[in-house]
Amino acid sequence: MYGHLLLILSLVLSLINSSFSYFITVDAHAEECFFDRVEVGTKMALTFEIAEGGFLDIDVRIVGPDGNVIANGERESSGKYTFAANTNGVYTYCFSNKMSTMTPKVVMFNMAIGEAPKGETNADGESATKLEDMIRQLSGSLASVKSEQEYMQVRDRIHRSINESTNSRVVMWSFFEAVILVAMTLGQVYYLKRFFEVRRVV
């Protein structure tokens, strides 16, 4: 009984996708690149979201080991790129803020890397058992759910920041309007007072 549970647990741990989430700051006129070495056929998924900075946009580029551009996005606030490695080697994904003159950008991104396909076969000529396939699908679903949760947390943080900024601007504008009204009222009182004083002297 316990032997089967340990076997299933070890299979889950060995088949679960590698998924890394990061928060980085990309300065103005700067570019930040990251690298992953994978085998041909490995599925990869890059998810990103701009958390802070300017108009919440950034340029994204994914380049394969052969130098070919797999994906290229300009001034994007969020996105998801899914692809399979077409050759062995190092894959590069970069976030560029070169179009910004002075505003740094805070980027949350997650690169999920699947397990490399296996060419081994068992005695029956099957590439994997049904249990391994089910565990692999479950691990992929768990990684996807985790990525979506992190994405929603960042979206909630961004929307809360926008709401707080809007509220503070409304308060400041209301205070400014009140100051202007008081100043205009005092000015009119002073003008009328001076006007009647001049009429009385004449």
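The values are calculated or read from the model by the stated rules, or taken from the named source; none is laboratory data. None of the values given here were measured: they were computed from a predicted structure. Here Cβ is always computed from backbone atoms with ideal geometry, including for glycine, and neighbour counts include all displayed protein chains.
When only residues in segment 132-153 that are without any contact (Cβ under 8 Å) to a residue 60 or more places away in the chain and either touching a Gly at 6+ places or on another chain (Cβ under 9 Å) or of a type in the set (S, T, N, Q) (or both) count, which is farthest from Ala51 (Cα to Cα)?
Gln137
Would you say Gly73 is in contact with an Asp or Glu (Cβ under 8 Å, 6 or more places away or on another chain), of a type outside the set (D, E, K, R), more than 16 Å from Thr103 (Cβ to Cβ) and in a strand (DSSP E or B)?
Yes, satisfied.
When the residues of segment 87-103 are filtered to those that are among the aliphatic types (A, V, I, L, M) and not in a strand (DSSP E or B), which remaining residue is surrounded by the most Cβ atoms within 10 Å (Cβ to Cβ)?
Restricting to residues being among the aliphatic types (A, V, I, L, M) and not in a strand (DSSP E or B), the top hit is Met99.
Among the residues of segment 19-31, is there at least one that is within 19 Å of Gly114 (Cβ to Cβ), of a type in the set (Gly, Ala, Ser) and at pLDDT below 85?
yes
Return the residues of segment 88-101 that are in contact with a Gly (Cβ under 9 Å, 6 or more places away or on another chain) and at pLDDT below 90; say none if nothing qualifies.
Within segment 88-101, just Ser100 meets the criteria.
Considering each of Arg194, Arg169, Arg155 in turn, give the residue that is part of a helix (DSSP H, G or I) and at pLDDT below 75.
Testing whether each residue is part of a helix (DSSP H, G or I) and at pLDDT below 75 leaves just Arg155.
Answer yes or no as to whether Val106 is surrounded by 15 or more Cβ atoms within 10 Å (Cβ to Cβ), out of contact with any Lys or Arg (no Cβ under 7 Å at 6 or more places or on another chain) and modelled with pLDDT of 90 or more.
Taking the combined requirement at face value, the residue does not satisfy it.
Can you tell me which residue is surrounded by the most Cβ atoms within 10 Å (Cβ to Cβ) among those in segment 47-68 that are under 15 Å from Tyr81 (Cα atoms) and modelled with pLDDT of 90 or more?
Ile58
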